[in-house]
Every structure is written in structure tokens, then in C-alpha cells.
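Peer 1: Have a look at the structure that comes next, please.
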Amino acid sequence: MIEQAFNGLVGGAFYALLALGLAVIFGMLGVVNFAHGAFYMLGAFGAFILLDSFGIGFWAALVIVPVLLGLVGMALERLLIRRLSGLDPLYGFLLTFGLALILQDLVRRQYGVQSQQYARPELLGGTLNLGLFDYPAYQVFVLALSAVVCGAVWLLLTRTKIGMIVRASTEKPELTRALGIDVSRWVTPVFGFGIALAGLAGVLAAPMRAINPLMGGDLIIVVFAVVVIGGLGSVFGSVAAGFLIGLVSALGNLYVPALSQTLVFILMAAVLLWRPAGLFGRQEGLT
Amino acid sequence: MLTVENLSAWYGEAQVLREVSLQVAEGEIVTLVGRNGAGKTTLLRCVMGLHARVGGAMSLRGADLTALPPHRRARLGIGWVPDDRGVYATLSVEENLLLPPVTGPEPWSMEEIYAAFPRLKERRRSPGTRLSGGEQQMLAMARVLRTGSRLLLCDEPTEGLAPVIVEQIGDILRQVKDRGVTVLLVEQNVHFAASVADRHYLLAEGRVVDALDNAEVRARQDELLEHLGI
Amino acid sequence: MKAKGLSIAVVTAGALLAGCGGGPGGGGGKISDGGVTLAVLNDQSAVYADLSGKNSVTAVEMAVADYKAKYGDKAVADKIEVISADHQNKPDLANSKAQELYDRRRADVILDVPSSAAALAVATQAKAKKKIFIDIGAATTELEGKQCNKYTFHYGYNTYMLANGTGSTVTADGAKTWYIVYPDYAFGQDMNKSFTAAIQKAGGTVVRSDPTPFPNDNFSTFLLKAPNLNPKPQVLGTMQAGGDLVNLVKQYNEYKLQDKGIDLAVGLMFITDIHSLGPDALAGTTFTDPWYWNANQQNRAWADKFMAKTGTRPSFAHAANYSAALQYLEAVQRAGTDDADAVVKELEGHTFNDVFADNATIRAEDHLLLHDVELAQVKPSSEVKEPWDYEKILKTIPAEQAFQPADGSCRL
């Protein structure tokens, strides 16, 4: 039972990292990034390509891939997403959704749909004794790293000048500009940062999940549910809901496997009925 | 200080400002008086650069503002106190104060701010929106004072506040004026306007229909109140 | 109506000619619409794109070339066209594409159609249009069961054959207790039922079977649960396919279930899955394979030709598409026409051997292809001698044992 709960948190770690990136991007740009899953997939492929073509291993990939994808994200924001500011959110949906399909198809064209091989880093091949039970070391690492990253982002947002500006721009972009802050200067790095988080989640997934062009599209639907449950644009909410959903689906699989497909969405519906802005969302943020 | 020439503005097809021209001299407090929908708030937003569809010209101390984005205007020394007070819920009181960059040569220090607004000091760690309406108004004003802005655009700072707080705000505005700061004030409260301001523009249907001094305001008080529908 | 009347006239004329002329000649008179059109309808963009997909079109083209080479100017079908369409694994799209292929693109036969729901939709179209459909990619036994029809054939494998091969053999070899996880949709549910039946028949028990979300990338709950079941299962039977299978196997290894005494048995595995995971991730896993490219010289020679055209080794689905196309053309040759009823008559009960199917019979009662299948084991990488050399054949299951007996549920 405790082991299963822990295991749920490991699954939740991926949701949390992805939802965090989505929340930061939505907050700052007002864009629901439907291409987020594609960048998660590119993260896993990035790790695979580095190893396969350049002999660069997992640990370096953990840094290189998010940085590269972050830069790609920044370029994308500059070239495409920026042009949508002030337009109906529907355009943002169309652009990012189209982008997701294009990225997915480009990877498929090159690598096909079959999954690619990626070995676990040797250092984390074993199991760790966690007191109550043994657990695969790699998964403990995934949980720890994602907790550290989420915690660091939280500190960055709440304790630093940059975080203050991001929070202000997220909450009242117009006023923030009128107070002398060049909000658009911060939009590009924030978008890149959100993409980098998706890339990081992808690298972490490479050793334990199937690496194929479809991996992101399947996962991202659940992540959207996570973001909605946490409260659209709420950074803390998205992380908390990520781990919560990991936990709920693990225990759901255990006790009511027949519901495992739908449990997350039932939960989402229940939360929306009870708190339409999500668990940690601000009511006025939705109107 | 601020010169507005032939300013027009539209919301969609509807024209809300029609060739408005006005001038505010250095160190003056000038009010814009007019009914709801006369275009007062839009005028302030145009000066701030927040309204997209405008025609005409604006300059600050001879520097052309027309093509500048809002954050550049703020950095030239324009401080905006919006009608909804614009207090950030996700920022603490202190963060609300520290967020905008210092733009003027004589910014208020945090000590001065807290001395002038002791409630803000007490509540400095709480989220901005936990404050009462009056406290939020104080916070919005304190925020632009800390930047050292030379021109304040205050949008109905007394709206919905208790008389004792309205009086405090009047004190602050006079204090600000003593430091040589210029204020363009949107105000429905004619008494209050006459008690703090030097001159007044009367706006109706997007036009400046009259320019008045304090003596004229007092003389024509009844007529004005009737015009404002109060 | 006009076209149909015309084709009947042409067929009649053709039959008369054949009767007088002695043996089928090269004339196109017996062939409708001026040629034979073979249509491959499958998944060219989603999960099954690599294990079948576009390369199955190539396999069918190879069959056409071999047919032409064999019969030369004696070929009944002298103009043969191979066309294809992508159903993206969506039953509704499969349905409309099948209509389009039969009606507008004049397909005489539709081949492949993976995924059960899509296959059943196309079978309905075949029945309505009275055109031939040979399904390869789908596993459901419904195709030769309740939902069978005169124009639909099932070729290659099905859930019974997989369960009977893997479930019975592994149980008979001593692994009596099973924990089954299956994806919660038609295929997975069928597989769960077939495996449970086969395991019980062989004297084993299924301790528990759990449905899992589909698609799913996190199987950890089920894997953690396995050692704590009572009694502890000796085998984890996974009915997952494609990316889900890869996820499950990676995580099976991550949780070191083998060290905890739980072996892995895979319900349906394509060679592309082994390639994705690397042989070591699956080494020792037993599974049933309808065909393996490196099982003998004949298979290998064909696989070499296939590789020259596609750059990769064939899966059993590729070989089955080749065989189905070839047997269809052979039936046209024997019938002397591409008229669907006549070809169906030639296919029913036909016995043959080709590169895909050994000791093969197309059973007349339900149109299921019976053929020898292989019980295979994944080699560890130390025994892999060349790329795609992943399987060791443990034994051949003879055609009559490999598939279910006709149970009378199919009324053609």
C-alpha cells in the first residue's frame, strides 16, 4: 500500500513537471500549449539521438536536451507564438495543435512509429532500500529530481525578483506594462523555460518508457486534466495536482482497475463541479 | 509637463474621445470631471499607452509619447493609479510596492512610504488583495510614489471610500504636490476635486466642453452637480 | 447496375471462350474493369505503421511480380494494380475507405486491415458490396465466428492461436499460476478470455486478470502488485501491444520481477517490438509467432528480397500480406476470372504451401486460414548474430492444433 502510494508519486512526477511547464506558459502567454506533449516526446528522442548518434549518455542529456529544447521554444515564441498576442485564444490552440502534429510527423518520418531503445544509466540500475520496501533506484531518482526541480521553480517564483515579475505579468499583464516592466521581454524566456521542463520530463522518461512519436500525445491528455484540476495557470496547483493524480491513478489501478481509464476524468469533472476554477485556481482568473 | 493634442480614440466602431486637447503644467493638479462614459478613464489609458486605437499626439516635457509602448512611458516618469487600484493578489504588499522600477530622481524610500502609510507596514507580508478598499487605494498610490514618477495619473482614487479616507487621500495629494509632482486626476467628487486641484477640465461625450478654475467650480457647483447627475 | 450487367456479360463470354479455347489465356476479357486491383488498407501513420503499414504494400507488389513471372502471358490477370489507403486505426475511417476502395477505386480485394473494430467494419462492407476481403492484421475470432461472411477471409493469426500456443505451452511447461494484464478494449478483452481458457485447459490457474488503461505508459501499479498476489503467480501474461508492450516490458525489468520469480509471457509480439526493446529486455520470453523471417532458407531468401526493397526485415504481417495477395491471384488464375463468387469458390478449401504458410488450408466452413505456426523464444543479445536475428524456434505447432476447430458459429 505504501509502496503503491510511493509508486503513484513517481508517476505523478512526470505529470507535475509537464503541468508546471504548461501552467507557467499559460499564465504568462495565455496560450494553452497543445504542443507540450510533442516537446516531451522530443525530450525522449533527444536523449536517444544523443546516445545513438553521438555517444552522449544520460547524465549529459539531462542538461543538454532541456537547454536545446528551451532554445527551440524561445525561437518558436519569437517566430510564431508572438504573432498571436491579442488574437482569439482559438488561434493559439490551432497553432500549437498544428505544431504538435508537425513535430510528431517529422519524428515519425525519420524514425517510424516503433519504439527506440534506451538503456538505464548504469549508476541507477540497482534497487534502493527505502526502509519499508526496496524500490528501483532510477525511479527514486526521477521522483527526487522532479521534486527538487518543482521546489526550485517554486522558490524562483516566490522568492526572487524574476519570480515577482513573472507572477505580476501573469496576473495583470497590462498593468504590469503600465508600471514600467517590459513584459514581452520576459515572455520568450518563460516559454522556453516551460518547454525545457517538458524536455526534461522526456529525458527522464527515456529509460523507463516507450520512446516513440506518439508517446507525448497519449500522455498530454491526462496532463491537461491535471492542469484543470490544479487550476488553470496556478503554478502551485499544477504541481500539487500532478502528484495527486499520480497517487490517485496508482491507487485506482490497484483497487478499481476497471475504472483506471476514466478515473482521472471523473475526478476532473468532480473538481470542476465543486470548484469551477480548479483546486488552487483563482475564481476571477477564469472570467 | 503633459500636452495632449487632438486626441481621438475608438472602441470598435464607437468613438469615445473626439479631438481632445489639454495641457497640464509642471507641479499642477488638474482634474478631469465628467459623467460616466464621458471618456475620462480612456483619456488616462491613452496617455499611458494602453489604448490601441488612437489618433492625435501626446508629449511629456516635449518628448513625443505617441509611438512609445506603455513600459517606456512609465520609465519617462508617468505613474498610473488605475480605477480598480490594480493590486496584485499573487504579490505581497511589499512586493506590490517593490515591483515597478524607480523612474524619477526623487523616489520615496521604503521608510518614507511606511512612515506615511503605517497600515501598509503592518500588512507588508500579506497578499495585496487582503487589504481593505482604502488600504488598497493607499497601496496603489504608494506604489507610484516609490518609483518617483513625476506625473501621476489617478483614476477616481476616492470612489467608494469612507470620508475619513477620502480626506487622507487629499492630504497625500497635497503632499505630493508640495514635492513638485504633477497630477492628472479623474474625479466625480466635485468637492474633493475643488479642494485639491488647481484647474479642471469638464468632459462630455468625448470632448472637452469647458476649462474651469476653482472659483468657477465653486460658483457653478449646482450646475455641475446636475450635469454629473449626482 | 449497368456496370454489373456488363461484367456478367463479360464473365459469361470469358467462360465460353475458356471452354472453347482450352485453358486460360492472356486475354483481359474475363477480368472486370480492365484489370485486377489489390488494395492494402492499413495503418500507415499510427501504432501499426511499422509492423505492417507501407511495407505491406511493397510485399503485395512482390506477390504481383512473382505471379506475373510465374504465369507470364498465360496470366489471367494481365493488368494488376496495387493501391493502398491509410485507416489510421480508426474504425469509421476504415469503413469509409473500404467503401471508397470497392466503389470508386475498383478494388477487387482489400488486404490487411489491422485492429479488430476496423476489420469488422470492412467485413460488413465486403458483404454488402460482394467483394473479397482478406484480413491479416486483426486478431479477433469474430471474423470467422458470428460476424463471418461469404466474402471475408481471416489470414495469419488470431487470439485463439496466440493463447493456445503461448498459454498452453507455458502452462504445460510448469508455470501453473498466471497474472494477466490486458488493455481495456476489444482486443485485450478477447485475449484475456482466450488465454484464460487455454491456461485452464492446460491445467493452470489465472490468479487474477486486470484491465489496464489504453494507451498507457505507466504499469507500475500492476507490476508492484504481482508479487503480492496470493498465490504468487509464476508468470505475468501481458496482452499489451505496440508502445504499451514496450512500456510494460521496460518497467517489468525496472522492477526486476524476473528476480522475484515472475516470468514474462507476451500474448502478441511482433518482431518490431523486440527490435524496439532490444533482445536482452525480453531474453527468454516465449511467444507464438505465425512466421519468422530467419526460420529456414526459404523464408530467409524472401526476407532478403524484401530487405533489398525496404531496408528492413519483414514482420509476419508483411509475409502474410505477400501470401494473401499471391493466393488471391492464384485463385483468380484457377477461376479464370476476378469475379468475386468464382474466386471465393476457388479459395474455399484450398490447400497449399508458400513462403508464409506451411501445410495451409483455407477452411471452407469459416474462411479461416490454418497453417503451421512457431513457438518462439527471444534470444539474448549474446546469441544474436546479425540485425533482427532475435528468435529461436522452440517448436512448430501443426496447423490442425494451432487454430480453433470450426465451432459452427459461422454461417456463411
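The values are calculated or read from the model by the stated rules, or taken from the named source; none is laboratory data. In this text the structure is predicted, and so the values were computed from the model without any measurement. We place every Cβ from the backbone using ideal geometry, glycine too, and count neighbours over all the protein chains shown.
Peer 1: Restricting to the range B:65-78, and then to whatever is of a type in the set (A, V, I, L, M, F, W, C) and either crowded, with 16+ Cβ neighbours inside 10 Å or assigned to a strand (DSSP E or B) (or both), can you tell me which residue is farthest from the other protein chains (Cβ to nearest Cβ)? Give the derivation first.
Peer 2: We begin by selecting, within the range B:65-78, every residue of a type in the set (A, V, I, L, M, F, W, C); these are B:65, B:67-68, B:74, B:76, B:78.
Subsequent filtering for residues that are either crowded, with 16+ Cβ neighbours inside 10 Å or assigned to a strand (DSSP E or B) (or both) retains B:65, B:68, B:74, B:76, B:78.
Details: B:65: 13, B:68: 11, B:74: 3, B:76: 9, B:78: 8 Å.
If we take residues in the range B:65-78 being of a type in the set (A, V, I, L, M, F, W, C) and either crowded, with 16+ Cβ neighbours inside 10 Å or assigned to a strand (DSSP E or B) (or both), then B:65 is farthest from the other protein chains (Cβ to nearest Cβ).
Peer 1: Using the structure shown, decide if residue B:81 is touching an Asp or Glu at 6+ places or on another chain (Cβ under 8 Å), surrounded by 21 or more Cβ atoms within 10 Å (Cβ to Cβ) and more than 9 Å from chain A (Cβ to nearest Cβ).
Peer 2: Yes: the conditions hold for residue B:81.
Peer 1: Follow-up question, since we're still on this one. Would it be correct to say that residue B:95 is more than 14 Å from chain A (Cβ to nearest Cβ), in a helix (DSSP H, G or I) and more than 14 Å from the chain's Cα centre (by Cα)? Talk me through it step by step, then tell me what you get.
Peer 2: Details: more than 14 Å from chain A (Cβ to nearest Cβ): no; in a helix (DSSP H, G or I): yes; more than 14 Å from the chain's Cα centre (by Cα): yes.
No: the conditions fail for residue B:95.
Peer 1: So residue B:90 fits all but one of (1) over 17 Å from the mean Cα position of the chain (by Cα); (2) within 24 Å of residue B:173 (Cβ to Cβ); (3) in a loop (DSSP other than H, G, I, E, B); what number is the exception?
Peer 2: (2)
Peer 1: Pick from the range C:44-75 the residues that are among the β-branched types (Val, Ile, Thr) and out of contact with any strand residue (DSSP E or B) (no Cβ under 6 Å at 6 or more places or on another chain): which of them is nearest to residue C:293 (Cα to Cα)?
Peer 2: Among those residues, the one meeting the criterion is C:58.
Peer 1: Kindly check whether there is at least one residue in the range A:228-235 that is of a type in the set (Ser, Thr, Tyr) and under 20 Å from the mean Cα position of the chain (by Cα).
Peer 2: There is at least one residue in the range A:228-235 that is of a type in the set (Ser, Thr, Tyr) and under 20 Å from the mean Cα position of the chain (by Cα).
Rundown of residues vs (1) more than 22 Å from residue C:223 (Cβ to Cβ); (2) hydrophobic (A, V, I, L, M, F, W, C); (3) touching a Gly at 6+ places or on another chain (Cβ under 8 Å), yes/no style:
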residue	(1), (2), (3)
A:121	no, no, yes
A:131	no, no, no
A:137	no, yes, yes
A:148	yes, yes, no
A:151	yes, no, no
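Peer 1: I would also like to ask the following. Has the range B:133-140 got any residue that is closer than 20 Å to residue A:165 by Cβ, crowded, with 23+ Cβ neighbours inside 10 Å and within 9 Å of chain A (Cβ to nearest Cβ)? Walk me through it before giving the result.
Peer 2: Taking the range B:133-140 first, the residues closer than 20 Å to residue A:165 by Cβ are B:139-140.
Retained after the next criterion (residues that are crowded, with 23+ Cβ neighbours inside 10 Å): B:139-140.
Next, only the ones that are within 9 Å of chain A (Cβ to nearest Cβ) stay: none.
No: the range B:133-140 contains no residue that is closer than 20 Å to residue A:165 by Cβ, crowded, with 23+ Cβ neighbours inside 10 Å and within 9 Å of chain A (Cβ to nearest Cβ).
Peer 1: Tell me, yes or no, whether the range B:101-123 has at least one residue that is touching a residue at least 12 places away in the same chain (Cβ under 8 Å), closer than 13 Å to residue A:175 by Cα and not β-branched (Val, Ile, Thr).
Peer 2: No - not one qualifying residue is present in the range B:101-123.
Peer 1: Additional query: Quick check, is residue C:194 in contact (Cβ under 8 Å) with a residue 12 or more places away in the chain, buried (at least 22 other Cβ atoms within 10 Å of the Cβ) and either under 19 Å from residue A:119 (Cα atoms) or assigned by TED's automatic domain parsing to the domain that holds residue C:43 (or both)?
Peer 2: Against the criterion (in contact (Cβ under 8 Å) with a residue 12 or more places away in the chain, buried (at least 22 other Cβ atoms within 10 Å of the Cβ) and either under 19 Å from residue A:119 (Cα atoms) or assigned by TED's automatic domain parsing to the domain that holds residue C:43 (or both)), residue C:194 does not qualify.
Peer 1: Here's a follow-up. Within the range C:197-254, how many residues turn out to be small (Gly, Ala, Ser), in a helix (DSSP H, G or I) and more than 9 Å from every other protein chain (Cβ to nearest Cβ)?
Peer 2: Selection size over the range C:197-254: 3.
Peer 1: Those residues that are over 15 Å from residue A:270 (Cβ atoms), of a type in the set (Gly, Ala, Ser) and either in a helix (DSSP H, G or I) or at pLDDT 90 or above (or both), I need them from the range A:223-251; list them, please.
Peer 2: Hits for the range A:223-251 are A:237, A:238, A:240, A:242, A:246, A:250.
Peer 1: Go through (1) surrounded by fewer than 19 Cβ atoms within 10 Å (Cβ to Cβ); (2) acidic (Asp, Glu); (3) more than 14 Å from chain C (Cβ to nearest Cβ) for residue A:77 and report which single condition fails.
Peer 2: Here residue A:77 clears every test but (1).
Peer 1: Looking at C:169, C:177, C:159, can you tell me which residue is of a type outside the set (Lys, Arg) and more than 21 Å from residue C:291 (Cα to Cα)?
Peer 2: Values: C:169 fails: more than 21 Å from residue C:291 (Cα to Cα); C:159 fails: more than 21 Å from residue C:291 (Cα to Cα).
Just one listed residue meets the conditions, C:177.
Peer 1: List pairs: first in the range A:161-189 and within 9 Å of chain B (Cβ to nearest Cβ) and touching a residue at least 12 places away in the same chain (Cβ under 8 Å), second among the aromatic types (Phe, Trp, Tyr) and in a helix (DSSP H, G or I), Cβ under 8 Å, 6+ apart or cross-chain?
Peer 2: A:165/A:186
Peer 1: Just wondering, is there one or more residues in the range C:241-262 that are within 14 Å of residue C:167 (Cα to Cα) and buried (at least 20 other Cβ atoms within 10 Å of the Cβ)?
Peer 2: Let us first name the residues in the range C:241-262 that are within 14 Å of residue C:167 (Cα to Cα), namely none.
Scanning the range C:241-262 turns up no residue that is within 14 Å of residue C:167 (Cα to Cα) and buried (at least 20 other Cβ atoms within 10 Å of the Cβ).
Peer 1: Has the range C:129-138 got at least one residue that is without any contact (Cβ under 8 Å) to a residue 60 or more places away in the chain, among the hydrophobic types (A, V, I, L, M, F, W, C) and under 24 Å from residue C:408 (Cα atoms)? Walk me through how you get there before you give the answer.
Peer 2: Going through the range C:129-138, the residues without any contact (Cβ under 8 Å) to a residue 60 or more places away in the chain turn out to be C:129, C:133, C:135, C:138.
Those left that are additionally among the hydrophobic types (A, V, I, L, M, F, W, C): C:133, C:138.
If we keep only those that are under 24 Å from residue C:408 (Cα atoms) too, we end up with C:133, C:138.
Yes, the range C:129-138 contains a residue that is without any contact (Cβ under 8 Å) to a residue 60 or more places away in the chain, among the hydrophobic types (A, V, I, L, M, F, W, C) and under 24 Å from residue C:408 (Cα atoms).
Peer 1: If you scan the range C:255-279, which residues turn out to be charged (D, E, K, R), touching a residue at least 12 places away in the same chain (Cβ under 8 Å) and facing chain A (nearest Cβ under 9 Å)?
Peer 2: At the first step, the residues of the range C:255-279 found to be charged (D, E, K, R) are C:256, C:259-260, C:263, C:273.
So of that shortlist, the ones also touching a residue at least 12 places away in the same chain (Cβ under 8 Å) come out as C:260, C:263, C:273.
Within the range C:255-279, C:273 is the sole residue that qualifies.
Peer 1: For the range A:146-160, enumerate the residues that are more than 12 Å from every other protein chain (Cβ to nearest Cβ) and either in contact (Cβ under 8 Å) with a residue 60 or more places away in the chain or not hydrophobic (A, V, I, L, M, F, W, C) (or both).
Peer 2: Within the range A:146-160, A:146, A:147, A:149, A:150, A:151, A:153, A:154 qualify.
Peer 1: Of all residues in the range C:299-326, which are outside any loop (DSSP other than H, G, I, E, B) and either among the β-branched types (Val, Ile, Thr) or not assigned by TED's automatic domain parsing to the domain that holds residue C:51 (or both)?
Peer 2: The answer is C:310, and nothing else.
Here's the yes/no breakdown for (1) in a helix (DSSP H, G or I); (2) within 22 Å of the chain's Cα centre (by Cα); (3) more than 30 Å from residue B:96 (Cα to Cα); (4) of a type in the set (Phe, Trp, Tyr):
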position: A:53; (1), (2), (3), (4): yes, no, yes, no
position: A:59; (1), (2), (3), (4): yes, yes, yes, yes
position: A:68; (1), (2), (3), (4): yes, yes, yes, no
position: A:78; (1), (2), (3), (4): yes, yes, no, no
position: A:92; (1), (2), (3), (4): yes, yes, yes, no
position: A:96; (1), (2), (3), (4): yes, yes, yes, no
position: A:104; (1), (2), (3), (4): yes, yes, yes, no
position: A:110; (1), (2), (3), (4): yes, no, yes, no
position: A:147; (1), (2), (3), (4): yes, yes, no, no
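Peer 1: What number of residues in the range B:163-205 are among the small types (Gly, Ala, Ser), within 15 Å of the chain's Cα centre (by Cα) and crowded, with 19+ Cβ neighbours inside 10 Å?
Peer 2: Residues in the range B:163-205 being among the small types (Gly, Ala, Ser), within 15 Å of the chain's Cα centre (by Cα) and crowded, with 19+ Cβ neighbours inside 10 Å: 2 in total.
Peer 1: Also: (1) aromatic (Phe, Trp, Tyr); (2) within 14 Å of chain A (Cβ to nearest Cβ); (3) in contact with a helix residue (DSSP H, G or I) (Cβ under 6 Å, 6 or more places away or on another chain): which one isn't true of residue C:48, the others all being true?
Peer 2: Status for residue C:48: all satisfied but (3).
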